[in-house]
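Colleague: Can you read through this structure? Questions will come right after.
The values are calculated or read from the model by the stated rules, or taken from the named source; none is laboratory data. Computed from a prediction, not measured in an experiment: that's the story for all the values here. Glycine also receives a Cβ, built like all others from the backbone with ideal geometry; neighbour counts cover every protein chain displayed.
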Amino acid sequence: MTLKKNSILIIASLAVFVEALDIAIINLTIPAIQKQFLVSNDRVQWLQTLYVLLYGGFLIIGGKLSDVKGPRQTFIAGAILFLLTSLSAGLSGTFLMLALSRAAQGLAAALIMPSALSIVTHTFVEERERSKAIGIFSSFAAVGSGSGLSIGGIISTYLGWHWVFLMNVPILAVIIVLGWFYLADDAPKQKQPSPDLFSGLLLVAGLLMLSYGVHQLGDIEEQYSVIVFCGLGVALCMRILYLRLTRRDNPLIDLKVFSTPSIITANGVFILLGAFFTGYLFVISLLMQKDLHYSSAKAGLLLVPFSILSAVVAKFMLPSIMKRLSTEQTGLLGMVCMLCGGLVLIGAVLAGYSLPLLLLSAAFISGLGMTICFTSLSVLAVKNIPKQHYGLASSMGTTTYFLGAGVGLSILTLFMDKGNAGASVSVLSLAILAVYALIGLLWLIIYQTKNAASKAEAPLEVLQSLHDVF
């Protein structure tokens, strides 16, 4: 790799590191934010819900804008927007301003991620060189996501929650300046059709109304009309979106890609994985700080080993696992880890907030399950589909993950305060988490069984295939 290519890779990787960091970094700052703005669990979760819904809802548009306007322009525009919204979030004097800033951050992240990846793939054209570059790029995203909890906890304890956002400003300023000078002007020479922005707006509007309607179910007698309005709004948005996707020459999403059972399964389980893992990050921060009374810094440091474990699994264990097991079996193994982690988490609360059990659940979920699940589902999402749909199929996996995260978190917070008196998180809400993992596991088992049956395998061979997972 030349010096210029290395510089471009560092610029793109740093940007995606900041974007990935902000997905998890807010979790251990939640008690401090609640204390300042006097907001409940079901309101504070909107800081995460808005971010992931707008991120997921506009991710495909971000990718298409990168193709239409050029990766450099889209990347710099996203970085500028992320800088401004980070500054706005850090200086927020009201919860509403903070929530709106987080929503805009999600939109900025949807511009940065696909354009940064496009910059890397266009810069490194030789196959081996490209694979190495994408590996480095992906590792920055993984480290950013994995270290978010610990970094957020330390910053929140010693500098205050505002600096979780303000720290982005100087980093992004450097990225923007370097990107302006180092990244080549790669605007397409031929004019391409603009992405269907309206379809993206319909998708996000429908999901926001769905999330808000779910929130109001806990007070259905007083909010009945609001719930009905949200339900009608969701139905209308999804109907118009479907018509646009089936009738336009250049739709936002080509629905033909969903004719493949593997991609339906991968995206369905991605939704459940997003709901499970985002909910887990939310509840673990509350359990460790409000129930075990640890500082943000101590809670974050306790979770650092599992970020390291995740990196070790990804680098050294996962390649050999995927050589021994099929993609579907690897996904089963990952979802089994998630379900075990969810059940151990319930046991930790029932055992009087046992720290060893809480950390064991983190080992199953953050250390093992997430890395195995996300990788195997990403591979499954592009299995058995035409090459011309690879890009769409890959982005759909990330999109459905974040959409599941937003809606799943809204469902979870409905049950946060049900049951355990005086506790920040109820056993019922943790049971909802376990149900997400259980449904995902059953979905994969059904797919594996049908897939094996279609190949005329005997029932005993199907059971043996599932047995190989363990």
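Colleague: For the stretch 331-362, name all the residues that are touching a Leu at 6+ places or on another chain (Cβ under 8 Å) and among the hydroxyl-bearing types (Ser, Thr, Tyr).
Modeller: Across the stretch 331-362, the qualifying residues are Tyr353, Ser361.
Colleague: Between Ile61, Ile119, Ile80, which is touching a helix residue (DSSP H, G or I) at 6+ places or on another chain (Cβ under 9 Å) and under 16 Å from Pro195 (Cα atoms)?
Modeller: Of the residues listed, the single one that is touching a helix residue (DSSP H, G or I) at 6+ places or on another chain (Cβ under 9 Å) and under 16 Å from Pro195 (Cα atoms) is Ile61.
Conditions (1) under 30 Å from Thr399 (Cβ atoms); (2) without any contact (Cβ under 8 Å) to a residue 24 or more places away in the chain, marked per residue:
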| residue | (1), (2) |
| --- | --- |
| Gly274 | yes, no |
| Ile284 | yes, no |
| Val304 | yes, no |
| Ser310 | yes, no |
| Val313 | yes, no |
| Met317 | yes, yes |
| Gly341 | yes, no |
| Leu345 | yes, no |
| Val349 | no, no |
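Colleague: When only residues in the stretch 287-302 that are over 25 Å from the mean Cα position of the chain (by Cα) and in contact (Cβ under 8 Å) with a residue 40 or more places away in the chain count, which is farthest from Gln34 (Cα to Cα)? Let's see the steps before the verdict.
Modeller: Let us first name the residues in the stretch 287-302 that are over 25 Å from the mean Cα position of the chain (by Cα), namely 291-295.
Okay, now just the ones that are also in contact (Cβ under 8 Å) with a residue 40 or more places away in the chain, so 291-292, 295.
On the way: Asp291: 15, Leu292: 17, Ser295: 15 Å.
In this case the residue turns out to be Leu292.
Colleague: Is it the case that some residue within the stretch 297-318 is closer than 16 Å to Leu357 by Cβ, in the same structural domain as Met416 (by TED's automatic domain parsing), assigned to a helix (DSSP H, G or I) and charged (D, E, K, R)? Full working, then the answer.
Modeller: Within the stretch 297-318, the subset closer than 16 Å to Leu357 by Cβ is 299, 302-303, 305-306.
Narrowing further to those that are in the same structural domain as Met416 (by TED's automatic domain parsing): 299, 302-303, 305-306.
When the remaining residues are screened for being assigned to a helix (DSSP H, G or I), the result is 299, 302-303, 305-306.
Among the residues that remain, those that are also charged (D, E, K, R) are: none.
For the stretch 297-318, residues closer than 16 Å to Leu357 by Cβ, in the same structural domain as Met416 (by TED's automatic domain parsing), assigned to a helix (DSSP H, G or I) and charged (D, E, K, R): absent.
Colleague: (1) modelled with pLDDT under 85; (2) surrounded by fewer than 19 Cβ atoms within 10 Å (Cβ to Cβ); (3) in a helix (DSSP H, G or I): which one isn't true of Gly367, the others all being true?
Modeller: The single condition Gly367 does not satisfy is (2).
Colleague: Looking at Ile30, Ile8, which one is over 20 Å from Ala116 (Cα atoms) and in contact with a Phe, Trp or Tyr (Cβ under 8 Å, 6 or more places away or on another chain)? If you could, list the steps in order and put the result at the bottom.
Modeller: On the way: Ile8 fails: over 20 Å from Ala116 (Cα atoms).
The match here is Ile30.
Colleague: Okay, moving on. Name, by its number, the condition in (1) at pLDDT below 80; (2) in a helix (DSSP H, G or I) that does not hold for Ile171.
Modeller: That leaves (1) as the condition not met.
Colleague: Just one of (1) at pLDDT below 90; (2) assigned by TED's automatic domain parsing to the domain that holds Gly406; (3) surrounded by fewer than 19 Cβ atoms within 10 Å (Cβ to Cβ) trips up Phe282, so point out which.
Modeller: Going through (1) at pLDDT below 90; (2) assigned by TED's automatic domain parsing to the domain that holds Gly406; (3) surrounded by fewer than 19 Cβ atoms within 10 Å (Cβ to Cβ) one by one, Phe282 breaks only (3).
Yes/no matrix, rows are residues, columns are (1) in a helix (DSSP H, G or I); (2) surrounded by fewer than 24 Cβ atoms within 10 Å (Cβ to Cβ); (3) out of contact with any Leu (no Cβ under 9 Å at 6 or more places or on another chain); (4) not basic (Lys, Arg):
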position	(1), (2), (3), (4)
Lys5	yes, yes, yes, no
Ile10	yes, yes, no, yes
Glu19	yes, no, yes, yes
Ala32	yes, yes, yes, yes
Val39	no, yes, yes, yes
Arg43	yes, yes, yes, no
Leu47	yes, yes, no, yes
Gly57	yes, no, no, yes
Ile60	yes, no, no, yes
